[in-house]
There are 2 protein chains.
Amino acid sequence: MAQPRRSTGRRPGPTQTREAILAAAEAAFVEEGYAGATIRGVARAAGVDQALVLHYFESKDGLFAAALRTKPPLRALAEVAAQGDIHDLGERLVRRYLGLWEDPVTSTRLLAIFRAASMSASASAMVAEFIGEEVMAPLAEGIGSENAKVRATLAGSHLFGTSAARYVLRVEPLASLAGECLAAILGPVIQHYLTGDLDHAQIGSPTARVGEG
Amino acid sequence: MAQPRRSTGRRPGPTQTREAILAAAEAAFVEEGYAGATIRGVARAAGVDQALVLHYFESKDGLFAAALRTKPPLRALAEVAAQGDIHDLGERLVRRYLGLWEDPVTSTRLLAIFRAASMSASASAMVAEFIGEEVMAPLAEGIGSENAKVRATLAGSHLFGTSAARYVLRVEPLASLAGECLAAILGPVIQHYLTGDLDHAQIGSPTARVGEG
């Protein structure tokens, strides 16, 4: 098995090697997409043997799942939910989330995640699991009410849609709307999803198809 | 130049040939994605020479732009906006849009559009232009108020985010929420974006970055 590339005179420990592989994997997923990234390329970029990558992460899916959970930008939303008053959580979430998309480093990582989810069914399932566990569950805990998980996913999917239209598709005039203005518009709506009246009686009723009204 | 594949004894006219190429292109974009689809493959599937595809559409981008505009599922939203009362347009839009995602044919086409937009900057620009011209502009016309284009894009991006979370990522519990329940929750919010109070004073102010509040 080839030795990991050395950044110091000392032989890197397993933690450093694992971190070097994860960093290389993340760069590969960002630059080449889920389909383009390969175990071979990640091993080469990290300066280790392919077998070592497989030893730590088992497969490309395993590598993707681990990269998702490495300092995930979206965990910031769970942190926001754990602090402060629930009555202005809507606007605080909006500001923190838009901030992630306006920062080049975190927006690149978010874009890689959503590209992978849109292109690969296995990546999509991993992203959904990650978002459910690491973002929606803590957010629901912050909300605390009966339908907290429905509320969290409604708020989260609205935020996601806005960012996709504004920062990825760049649909105008949403793309060039002042950030402060957008935060002022979205804040009350996200707050409505978190703590407002959602016609509770209907939530949890059997699944029905939606036709044109 | 090879002859188009004949479905009848008569030689197909230019319109039929163009339509056959577009149908093959759409299938290619759905099945192989934007990156995977090729002029050569589309020509082979349509039974024509590559030169004929280039004659009609100039490039893969030209083919994608034309396929986007061929019986586009999202045009249904513009049709909904042109009919009926603006005061229940929110719920009518929600029902029509969710219906597009619950129909296997239209949902496959929508997924292909959004996959292409997420993976390719040129496809993304074409999708944004198409949505702006064919969906948002007629929707804004239906709204008719001063900030109608901002309103239309806020409503559209919210609908998109909900469908991405529900039908593509399948984030729970949003994915298994009853359709009727989701329509009842989303309707008033979309209506708020179309005709409600959006803190008008701020719209159009200079672009500002959004920091954590």
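The values are calculated or read from the model by the stated rules, or taken from the named source; none is laboratory data. For clarity, every value in this text was computed on a predicted model and none was experimentally measured. Every residue, glycine as well, gets a Cβ built from its backbone with ideal geometry; the counts of neighbours run over all protein chains shown. Side chains included, ligands, DNA and RNA excluded: accessible areas come from the protein's heavy atoms. Shrake-Rupley method; radii C 1.70, N 1.55, O 1.52, S 1.80 Å.
Just give me the residues in region B:33-52 being within 20 Å of B:Arg69 (Cβ to Cβ) and not aliphatic (A, V, I, L, M), in sequence order.
Passing the criteria: B:Gly33, B:Tyr34.
So, restricting to helices (runs of 4 or more DSSP H) that lie completely within region A:25-114, which ones have at least 1 residues that are under 16 Å from the mean Cα position of the chain (by Cα) and surrounded by fewer than 21 Cβ atoms within 10 Å (Cβ to Cβ)?
So the answer is A:60-68, A:75-82, A:89-102.
So how many residues does region A:22-75 have that are away from chain B (no Cβ under 14 Å) and on the phi > 0 side of the Ramachandran plot?
The qualifying residues number 3.
Pairs, please: C-beta under 6 Å, at least 6 apart or cross-chain, first residue under 14 Å from A:Leu89 (Cβ atoms) and without any contact (Cβ under 8 Å) to a residue 24 or more places away in the chain and in region A:133-154, second part of a helix (DSSP H, G or I) and among the basic types (Lys, Arg)?
Listed pairs, sorted by first residue: A:Ala140/A:Lys149.
Looking at region A:156-197 only, could you name the residues that are touching an Asp or Glu at 6+ places or on another chain (Cβ under 9 Å), more than 7 Å from chain B (Cβ to nearest Cβ), over 15 Å from B:Pro188 (Cβ atoms) and open to solvent by 10 Å² or more (accessible area, probe 1.4 Å)?
Residue satisfying the conditions is A:Tyr167 alone.
So for region A:63-85 (the condition being farther than 25 Å from B:Gly33 by Cα, touching a helix residue (DSSP H, G or I) at 6+ places or on another chain (Cβ under 9 Å) and of a type in the set (Phe, Trp, Tyr)), does at least one residue qualify?
no
State all residues of region B:127-155 that are within 10 Å of chain A (Cβ to nearest Cβ) and open to solvent by 20 Å² or more (accessible area, probe 1.4 Å); if no residue qualifies, say none.
The answer is B:Glu129, B:Gly132, B:Met136, B:Asn147, B:Lys149.
State the number of residues belonging to region A:165-191 that are of a type in the set (S, T, N, Q) and either touching a strand residue (DSSP E or B) at 6+ places or on another chain (Cβ under 8 Å) or assigned to a helix (DSSP H, G or I) (or both).
Number of matching residues: 1.
Given the criteria assigned to a helix (DSSP H, G or I) and within 13 Å of the chain's Cα centre (by Cα), does B:Ala140 qualify?
When the stated conditions are applied, B:Ala140 does not pass them.
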